[in-house]
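A short write-up of the structure that comes next.
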Amino acid sequence: MVDERCVTMPMCPIGFDLLNDANNCGACGRRCATNEACANGVCVGNGQLRITMTWNVRGDMDLHVVPPCGTEIYYGRLTACGGTLDVDSCPAQSPAGTTDPCTGPENVFWPSTPANGTYHVCANNWALSSAVTFRVTVTRGTTVIRTWTGSRSGSAGYRACSPSSPAYIGSFTIP
């Protein structure tokens, strides 16, 4: 057998979920840290509350969350009210050659107990030339408490998140 010095990647056993398995996140054996989850093959912050968005076509979508304190968390304000946007996929259309697939995730999480009250969630279509389908999942601890799916078309740029915004997708309340 001739060795052409090709690098081979081991194949994962059938059944591995490289998009969501924290023990095989994005590749066989790539483990997320104990305070992380796996979303769309990327290790993201995880804690007492996590809101994660992914989408189906390459482009720049932005997750916006307004927690009960009223201060919006998004790419322009990464932390507020105990929450942090730790992953901003495809910021301003990542340059070619990066490993960011520009399909998410975007992730906002609270490492410790989040405030009681209502949280508003928006999905802004920052820079997409075609229609996009998105999915937003809200996880409290290890339990999914809410999932939204929807679509957007045409770039919209920044829009403040509120129930009256065209980017609004829903709210949830922590008692």
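Each semi-axis of the equivalent ellipsoid for segment 114-156 is √(5λ) with λ an eigenvalue of the Cα gyration tensor; in descending order they amount to 26, 12, 7 Å. Sorted largest first, the spans of the alpha carbon positions of the chain along the three principal axes are 66, 36, 25 Å. For the pair Arg146 and Asn35, a Förster radius of 25 Å applied to the C-beta separation gives a FRET efficiency near 0.70, rounded to the nearest 0.05. Dipole of segment 77-156 computed with +1 at Lys/Arg Cβ and -1 at Asp/Glu Cβ about the Cα centre; of Val144, Asn125, Pro105, farthest Cα towards the positive end is Val144. For Trp55, neighbours were defined as the other residues whose beta-carbon sits under 15 Å from its Cβ, and their charges (Lys and Arg +1, Asp and Glu -1) total -2. Per-residue surface analysis assigns Ser171 an accessible area of about 40 Å², computed on protein heavy atoms at 1.4 Å probe radius. Treating r as the C-beta distance of Ser112 and Arg77 and R0 as 22 Å, the FRET efficiency rounds to 0.70.
Remark: the chain carries a charge dipole of roughly 400 debye about the Cα centre, counting +1 on each Lys and Arg Cβ and -1 on each Asp and Glu Cβ. Short-range pairs are left out: with C-alpha atoms under 8 Å and at least six residues apart, the relative contact order of the chain is 21 percent.
The values are calculated or read from the model by the stated rules, or taken from the named source; none is laboratory data. Note that the structure is a prediction, hence the values are computed from the model and not measured. Quick reminder, even Gly has a Cβ in these numbers, built from the backbone with ideal geometry, and neighbours come from all protein chains shown. Note: accessible area is taken over every heavy atom of the protein model, side chains too, but ligands, DNA and RNA are not part of it. Shrake-Rupley method; radii C 1.70, N 1.55, O 1.52, S 1.80 Å.
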